[in-house]
Each structure stands twice: as structure tokens, then as C-alpha cells.
Amino acid sequence: MTLRAIIIGGGLAGGAAAARLAQLGQPPLLLEREAGAHDKICGEFLSVEAGRHLAGLGVDVARLGGARIDRVRLHAGRLTAEARLPFVATGVTRRALDALLLDHAAAAGADVQRGTSVRHLAGNRAVTSAGDTDPGPILLATGKHDLRGEARDPRGTIPGLIGFKQFFRATPALTARLAGAVEVTAFAGGYAGLQCVEAGRLNLCLLVDQARYKALGGSWPLLLAALLREPGLALLADAEPLLAKPLAIASVPYGYLATPGAGPYRLGDQAAVIPSFCGDGMAMALHGGRLAADMLASGADAATFQTRLRRDVARQVRLATRLQRVATHGLGRFALVAGLAAVPAALAALARWTRVEPQALARLGV
Ligand SMILES: Cc1cc2nc3c(=O)[nH]c(=O)nc-3n(C[C@H](O)[C@H](O)[C@H](O)COP(=O)(O)OP(=O)(O)OC[C@H]3O[C@@H](n4cnc5c(N)ncnc54)[C@H](O)[C@@H]3O)c2cc1C
């Protein structure tokens, strides 16, 4: 008898695994601690690979009315580099997207239990706020949050980065400038992404080194004031913030790659954390979710799955992590943006090299 899989976390990785397992005739149990749709720290740049994965699961992202993005612009001080992306991406909120995917998984037959928090694992059972589950293969998809006893190994990752996200109401000037573009501003100790999402909103999502944050006064208003002095972000001063306070997260382990071994199937940010400026974390989460479902359904163990997923994403994670170190330290950001301004084709190439490859998608029939 096949035991029912238990998926912990209803983000994109967990949602994709749940939808796919249900479609393969093995509907899982999915436990998500949030009771309803919620905002998440994310730049909300949905790449073409992520779009293909969602379409492959039968999710109609177009109905969310996201923003079309086909260009990237980089700023460092007064330097700017711009290139056409080698694909079309979408700006869409995680609040809407994750809820759509979870509803889709439930409609396909997955038992989606929202508002249930998993405390820890006990062998192949999950100990939850509502009691213990039956035994079954565990798929760990808790994203940025580590489960007690299952923490990710931070060795080799970039330490000390804090993430923030705030929505702004788009002004006419920003709407015109950002039409079709995602902008990344590199500043001392971090970088910020700015783009349109649905319903006339702008997403500002950024990472800043803890030491730099402290030096700026250690508060969001002081950090924002410093960011507004950056030429690439100055226009935001006229835009109204929409969240009462920004979402924040500390210690994002950029560069993390799970080591294959016994234990749960690790998906999404529990398997690999790629620097955010690449905008492919969501694709990697969806990729891992689908791959885990396919391999679990065909009887593969967790170590075999983890080895295979690592093969699909490790090179991209390592390259992006090296670039992030250059862009956030010293004067590397100016050299990087000046170089990319001189050779815009290199910017498009970097965008390609830091993504899940088309061949990896094709191997999954996506
Ligand atoms: C600052 C920043 C900007 C980013 N920008 C982009 C971008 O523009 N484009 C892009 O593609 N990627 C981006 N990413 C990466 C992307 O957000 C992640 O890679 C992606 O969300 C990973 O999906 P996931 O399903 O693994 O985790 P998540 O989306 O974090 O989902 C995990 C889920 O698990 C639930 N959960 C956690 N703990 C428990 C528990 N104990 N019990 C039950 N449920 C639990 C949470 O509530 C959550 O819903 C960004 C990341 C950061 C930090």
C-alpha cells in the first residue's frame, strides 16, 4: 500500500508538488500554517520558466492580470545598464499566485489544510498544531522558515542579509518609466528591485547587509530615506506606501544547496536558495515541487531526488551567489554595471545563465 505523502508548506514548491501528485493519482496531505492568502517577501518577478511550470500544472496565471516585463535596467549611482530580457516575465503578487495554486491543488484532489502549523517531525510523521499525522513520505517545503530539528546548514552561504518588501501605489511618472521593465538598484551593502505588479501597485523588494542597516540607523524609515537618495529610486519619494509596515526577514541563506541524504524530500528554499536579483527562485521552487512529485510517484527515495534536483539548479545558484558578493561589496557594483552598460548582451546572457535550463524543464515534460 502506498502511504499518502505529507507536504509541509503551501508556497509554490509545496503547492506544485501537491497539484502534481494529485494529478498523478496520489493525492497528498498539504499543511500550511497560514489560514488564508497572505503577502510574502518576494520581488514577484515571475520568470518564463515559472510561467511554464504553472501552465504545465494547468494554472491560468493570466487571469491574475499581472504586469508584462521584457526589459531589465540596472542602476548603481548615476550609472545605468539596460537590456532586453531573452524572455517575457510577469509581475504578479504572491498573495494572489500562491492562493491560486493551492486552490488548484485542492481542486485536483489534494487535502489542503490551511491554518495548520507543523511543529517538528517524528520519524515519518508530522507533529502539528492539530495533532500528529499518519506516517508517510515527508516533503519539506517551509521556504524561508526552518522547521525545528531540520535547519538548513548555513556553511558557505552569504551571511547577514536582511530582506524587506513594501508595496507602493504607482504614480504616473513611475508607471511610465517601469512599463515593461524590472529595475535593480545596487547600493552600498545591498540591492533593491522595483517593478509593477497587478492593480496599479509597485513592488519594492530589497536586501541589505545587517552592518549597513545598523550604520544607517537600524530602522525602516531611515533605510528608506537612504534608498530614496539613490538616483534609481528617487521617484519613489512621491509614491504612497501601501502596507502599514514592510515585510521583513533576517538571515536569508543565499547560496544554500541541500546535501543529498536520508531525511525528508527538500523542496523550494529548503533545497536551494538563489540570490533574489535573478528572479528565478519561484521557478526553482516549482521545478523542485514537480520533480519531487514525479520521482516520489515512481518510487525514488529522497536522496536520489535531491541529487537530481541539485544537478538542475546548483550551477545557477553558485554563479548568482558569486555575482551577489561582487554587487554588494566595495565598488564592485559600479564595475559590474559599467561593464554591463558597455556590453548589454552580457546582461541578457547573465539572465539566461542564472535560470533553470529549458532542457531541465523538457526532461519533466514542461
Ligand atoms: C527578498 C527576496 C526577493 C525575492 N524575489 C524573487 C523574485 O522576484 N522572483 C523569484 O522568482 N523569486 C524571488 N525570491 C525567491 C522566492 O521568493 C522563493 O525562492 C520562493 O518563495 C520559494 O518558494 P517556497 O515554496 O520554497 O517557499 P515559500 O514561498 O516561503 O512558502 C513556504 C510556505 O510554508 C509555510 N510554512 C512555513 N513553516 C511552516 C510550518 N512549520 N508549518 C506549516 N507551514 C509552514 C509558509 O507559511 C509558506 O506559505 C525572492 C526571495 C527573497 C528573500
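No lab work stands behind these numbers, since they all come straight from the coordinates. Since the structure is predicted, the reported quantities are computational estimates derived from the model, not experimental observations. Cβ coordinates were reconstructed from backbone atoms using ideal geometry, including for glycine residues, and neighbour counts include every protein chain displayed.
If you average 1/r over all unlike Cα pairs in the range 1-79 and invert the result, what Kirkwood radius do you get in angstrom? Numbers along the way, then the final one.
Values: mean 1/r = 0.0652 Å⁻¹.
That comes to 15.3 Å for the range 1-79.
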Next on the checklist: Quick check on packing: order 90-97, 330-337 by the mean number of other C-beta atoms within 10 Å, highest mean leading.
Outcome noted: 90-97, 330-337
Item to check | Computed log₁₀ I(q)/I(0) - Debye formula, equal Cα scatterers, no solvent, the chain, q 0.06, 0.11, 0.14 Å⁻¹ | outcome: -0.21, -0.72, -1.16
Checklist entry - Taking the Cα centre of the chain as the origin, how large is its charge dipole in debye, to the nearest 20, when only Lys and Arg (+1) and Asp and Glu (-1) carry charge on their Cβ atoms? => result 760 debye
Checklist entry - What residues qualify as long-range amide H neighbours of TYR254, i.e. H under 5 Å apart, gap of 5 or more or another chain, H built at 1.01 Å from N? => result ILE158
Checklist outcome for this item: With label points set 7 Å from each Cα along the Cα-to-Cβ direction at ARG169 and PHE87, the distance between them in nm comes to 3.5 nm
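Taking neighbour counts of Cβ atoms within 10 Å as a proxy for exposure, in what order, fewest first, do MET295, MET282 appear? Kindly include the intermediate steps, with their values, before the conclusion.
Working: MET295 18, MET282 28.
Result, fewest neighbours first: MET295, MET282.
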Checklist entry - Amide H to amide H under 5 Å from TYR191: which residues, 5+ apart in sequence or cross-chain, H placed 1.01 Å off N in plane? => result LEU207
Checklist outcome for this item: When the chain is treated as a Gaussian network with springs between alpha carbons less than 10 Å apart, the largest mean-square fluctuation among GLY190, GLY339, GLY289 is found at GLY339
Checklist outcome for this item: Placing each pseudo-label 7 Å from Cα in the direction of the beta carbon, ALA55 and SER117 end up separated by a distance in nanometres of 3.9 nm
Checklist outcome for this item: Phi-derived 3J(HN,Hα) across the range 148-156 with the Karplus relation (6.51, -1.76, 1.60, θ = phi - 60°), rounded Hz, x for Gly and Pro, is 3, x, 10, 4, 6, 7, x, 4, x
Checklist entry - Taking each full run of DSSP H in the chain as one helix, which ones are at least 30 Å long along their axis (Cα atoms) and have mean Kyte-Doolittle hydropathy of at least -1.0? => result 302-328
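Give, as a single signed number, the net charge of other residues whose beta carbon lies under 9 Å from the beta carbon of VAL88, with Lys and Arg counted +1 and Asp and Glu -1. Could the numbers behind the result be given before it?
Details: positive: ARG68; negative: ASP70.
Around VAL88, the surrounding residues sum to 0.
To the nearest 500 deg cm²/dmol, what mean residue ellipticity at 222 nm is calculated for the chain from DSSP H runs of n ≥ 4 alone, each contributing -39,500 (n - 2.57), summed and divided by the residues? Don't jump to the answer; show the numbers that get you there.
Numbers: 11 runs with 128 residues, N = 366.
Value at 222 nm, helices only, nearest 500: -11000 deg cm²/dmol.
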